[in-house]
1. Tell me yes or no: at least one residue of segment 190-209 is open to solvent by 60 Å² or more (accessible area, probe 1.4 Å), more than 30 Å from R130 (Cα to Cα), of a type in the set (A, V, I, L, M, F, W, C) and part of a helix (DSSP H, G or I).
2. Name the helices (runs of 4 or more DSSP H) wholly within segment 503-567 that hold at least 1 residues that are open to solvent by 60 Å² or more (accessible area, probe 1.4 Å) and either modelled with pLDDT of 90 or more or among the hydrophobic types (A, V, I, L, M, F, W, C) (or both)?
3. When the residues of segment 345-370 are filtered to those that are of a type in the set (V, I, T) and touching a residue at least 40 places away in the same chain (Cβ under 8 Å), which remaining residue is surrounded by the fewest Cβ atoms within 10 Å (Cβ to Cβ)?
4. If we keep just the residues of segment 337-370 that are not charged (D, E, K, R) and not in a helix (DSSP H, G or I), which is nearest to V447 (Cα to Cα)?
5. If we keep just the residues of segment 342-370 that are touching a helix residue (DSSP H, G or I) at 6+ places or on another chain (Cβ under 7 Å) and of a type in the set (D, E), which is farthest from R321 (Cα to Cα)?
6. Within segment 114-130, can you find the residues that are crowded, with 17+ Cβ neighbours inside 10 Å and either at positive phi or in a loop (DSSP other than H, G, I, E, B) (or both)?
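The values are calculated or read from the model by the stated rules, or taken from the named source; none is laboratory data. Quick caveat: nothing in here was measured; it's all calculated off a predicted structure. Because the Cβ atoms are built from the backbone with ideal geometry, glycine has one as well, and the counts that use them run over all protein chains shown. Calculation scope for accessible area: heavy atoms of the full protein, side chains included, ligands and nucleic acids excluded. Shrake-Rupley method; radii C 1.70, N 1.55, O 1.52, S 1.80 Å.
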Amino acid sequence: MTLDVWDKVASVVSGSLALAAAAVAVRRHLRDRSRQSWWSTLTRLWERETDAAIVHPHRFGAQVPPLSEVYVPRRAVPRLGRAEEALDAAQLFTGARNVLLVGEPGSGKTALIAYESARSAERWLRSRGRRRRRPVGPVLVRLPATALIHHALPDALRDAYGEAPLAFRRPPAPGVRWLICVDRVDAVADPGDRGNVLNRLAEAGRSSARDTSPCRILVTTRPLDADELATLGEDYPAYQLAPFTRADVTALAGRWFPDHGEAQGFLTWTHTQRITDPVRNPLVATVAALVWRNRRAAPVSRPGPAALFEDFVQALLQGGRGSLDATCRALRDHPPQGPAIADWLAERHTELVEVAATAAVAGADPVAEVAKWSAEDAPYPPAQHLDNWPQQIRDLLLATDLFRADRDALVSVWPSLIDHLAAGPLTRQWSPEAWASLMNTTSTRFVGVQVLQRMEAPDALLRDRLAEPSWAAAVGHLLVSTDVVRGTDDLALRTDVLAALLGHWAADPAGDTSRTCLSLLRTLATNQADRDLLFKIGADGNRPRAIRLAVTRFFRADGHGEVAPVR
């Protein structure tokens, strides 16, 4: 081959190589530009999630470690499963299906979402958008259930994340899905609104169940009636957030107090105060750790979780006292009536926050309700002496660390503490009828739970009126709501309540109260221990025949060796 031919061959080869290199470069540029587009958009979301996990909602006079340092991994149990079937709750965030996660007040549902969102965001940020370093799992976004009261899920997401903007109708990245974490369905106080939210979630669940959908949905709530949760249907496999074990409490102590001696001192103190054996409720354990960190071995006012909450809330109010004092000084600058209002207000800090808490539980505006209360109860209307009285109220509530600002509204930081405060008036002036009304209303049910905790009510108080359908329903709701309340761990009491619910249902199956009793029985029957008690009632010859027959009617075989409520 001549030199001239070699030159032509070399020219063709080098040209081909250059063309291939250019094609690779263009392809890489387009890929990088595509990656940069979704990556830059989502980076803002992830940075916000990691920042939110650092800040603890309560200062409480001491340096509080971030959630990532003290968080104890949680377990979840299939709704009809046993404790030994529990799985790592983190698996619920990476599975292929929608999820309904139910947990009692203070069980850590919101904390779980915050923790897993922060962990997911950190993993994505470390990947820097590279395909080979991409983490397993979806991109998490959080949405309060109240956002669905007036909007369907796509519109609520657009309203919440429109500034990003995030395109939820498309995958967030190639081969990745969104996980929409809809938190606290129970916070929707109005039954009609809550029904709308559940229907919207059911509709969204049917869409997201398709393999082609870019979204999955995880819904959290406190216990609701079985009939309400049934709205979500089979598209939302249900799980129960497991309570803390002794090992979990020990792990929490070790994270909060790295010094072994201090951790042991904390555990001994909680046992002495009858706060733990063990603390099964993560919120109670967290409040105990905050109190111990701030006060060390000082005893609470009296033993038990309710007194712990009371001391904690009073400490928070004391921390916000400076704002109250400033408001009183401003009122005293407006004689002759201002000083009288200031004296009245200075003695009613707790009552003011109780009014706000009662409003928050009912889904009303805390600031507006406090303004109404002060106009009616103060010696003279404060708004006539302070032009910015609503803003003063807002500042007073924010200073307690019990509320936080959410756009133009105030929302509770820890709903269980708000329930505790709202329970104050009825605790001081007990009314069985008022308590039954609280328990038979979904939005106020956990206020009723707090009333019993604060009263340390004896079992006899719960048993005495089980012959009344509304009272039996109220105590049934108590059993559904939490197993930590004094007396509800007593098998004899649980058996009596189940028998009463069966009797009221059998007496008038078509009546409204009877349908409520049936719904409660279905809800309780998701727990194996209560199913066992129902079978014992059915086999107990000392029980009335109508109640034993009601048990037979209630259960039927489902074809898999299990039992299920009769529809």
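1. No, every residue in segment 190-209 fails to be open to solvent by 60 Å² or more (accessible area, probe 1.4 Å), more than 30 Å from R130 (Cα to Cα), of a type in the set (A, V, I, L, M, F, W, C) and part of a helix (DSSP H, G or I).
2. Details: elements: 512-524, 528-539, 545-554.
By residue number, 528-539, 545-554.
3. Top of the filtered list is T350.
4. A362
5. D365
6. Result: G129, single match.
Listed here are the residues, each with its yes/no results for (1) outside any strand (DSSP E or B); (2) under 29 Å from Q453 (Cα atoms); (3) within 23 Å of the chain's Cα centre (by Cα); (4) not acidic (D, E).
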{"position": "V72", "(1), (2), (3), (4)": "yes, yes, yes, yes"}
{"position": "V77", "(1), (2), (3), (4)": "no, yes, yes, yes"}
{"position": "G81", "(1), (2), (3), (4)": "yes, yes, yes, yes"}
{"position": "A90", "(1), (2), (3), (4)": "yes, no, yes, yes"}
{"position": "G95", "(1), (2), (3), (4)": "yes, no, yes, yes"}
{"position": "L112", "(1), (2), (3), (4)": "yes, yes, yes, yes"}
{"position": "V141", "(1), (2), (3), (4)": "no, no, yes, yes"}
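A quick yes/no check of all residues on (1) modelled with pLDDT of 90 or more; (2) open to solvent by 60 Å² or more (accessible area, probe 1.4 Å); (3) in contact with an Asp or Glu (Cβ under 9 Å, 6 or more places away or on another chain):
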site	(1), (2), (3)
G106	no, no, no
R132	no, yes, no
V141	yes, no, yes
A160	no, no, no
A167	no, no, no
W178	yes, no, no
